[in-house]
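In what follows, a structure is listed as structure tokens, so that the remarks can point back to it.
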Amino acid sequence: MRLLLIEDDDRIAGPLTEGLGRYGFTVHHVRTGAAGLAGTDGSPDLVLLDLGLPDMDGLDVCRSLRARSAVPIIMITARSEEADRIVGLELGADDYLAKPFGVRELVARIRAVTRRTTGALPFPVPTHTATPEAPRAQLLGTLEINRRTRQVHLKGSETPLTPREFDLLAYLAEDPGTVCSRQQIMDTVWDPHFFGPTKTLDAHVAALRRKLGDPAWITTARGVGFRLTVPGGEAEPEGAG
Ligand code: CA
């Protein structure tokens, strides 16, 4: 997936380009709005747009981008630019992220925006080297998750999940054993703008546990979130035991 990063501050752009690279993104970095508008000829899959640019107002860049293409746009804003964020969203930006932020958070936003705008998961799970044509089935003990077909098999038989249940399971399975916070899950599986009670998350976890036939698949990290673990074993499929 190719990203166009329009950001004049190299102290932000440098680490961001490197970090996104680790997640499998190809980042084309430009430092001015003019270069960004010229760069869209390479048709990126998503644009990361800093609003504070040296040569032109980031909102004008947003407007021009939107006038010519439907490319998803995530604005990168300073805390003081709250009013600009709202205008930016009205101009057609898909989301925003306030500085400072972590790469992981940005990746979650990219994922959510891409899913919203294309209805598909945008890119291979980090460290996966499968070609786009290959089925990206992930094996966790007796559980097989295929993100391409959105099918889940347990001990060889298909386990029907609702779309949200699948997204939740796929998200937890990205890094088995690692606790995902409630907010991370809500941001990614639900919506980056989700505010309010998150009881729906508990309901979906309960449903998943029921469908997977063993509550031990998803453990609760009290007060933090949830993590996926293979019941009675390590998450690594190649574990020697
Ligand atoms: Ca800037």
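The values are calculated or read from the model by the stated rules, or taken from the named source; none is laboratory data. Since this is a predicted model, take the numbers as computed values, not measurements. FYI the Cβ positions are ideal-geometry reconstructions off the backbone, even for glycines, and counts take in every protein chain you see. The protein model used for the area step is the full one, side chains on, heavy atoms only, and it has no ligands, DNA or RNA in it. Shrake-Rupley method; radii C 1.70, N 1.55, O 1.52, S 1.80 Å.
Quick notes
- Cut-off 10 Å between beta-carbons: net charge of the residues surrounding Asp57, Lys and Arg +1, Asp and Glu -1: -2
- Lysines with Cα under 27 Å of Lys211, excluding same-chain neighbours fewer than 8 positions away: Lys155, Lys199
- The per residue volume of the convex hull around the alpha-carbon atoms of the range 20-65 is 74 Å³.
- Whether the range 62-113 is rounded, prolate or oblate, judged on the alpha carbon gyration tensor where a/c under 1.5 counts as rounded: oblate
- Of the peptides 3-12, 147-156, the order by per-residue mean of other Cβ atoms within 10 Å, starting with the highest, comes out as 3-12, 147-156.
- The share of C-alpha pairs in the range 2-118 whose separation exceeds 23 Å stands at 17 percent.
- Whole-number percent relative contact order across the range 138-228, with pairs defined as alpha carbons under 8 Å at least 6 apart: 27
- Per residue, the solvent-accessible area of the range 138-228 (1.4 Å probe, heavy atoms of protein chains only, all protein chains present) comes to 48 Å².
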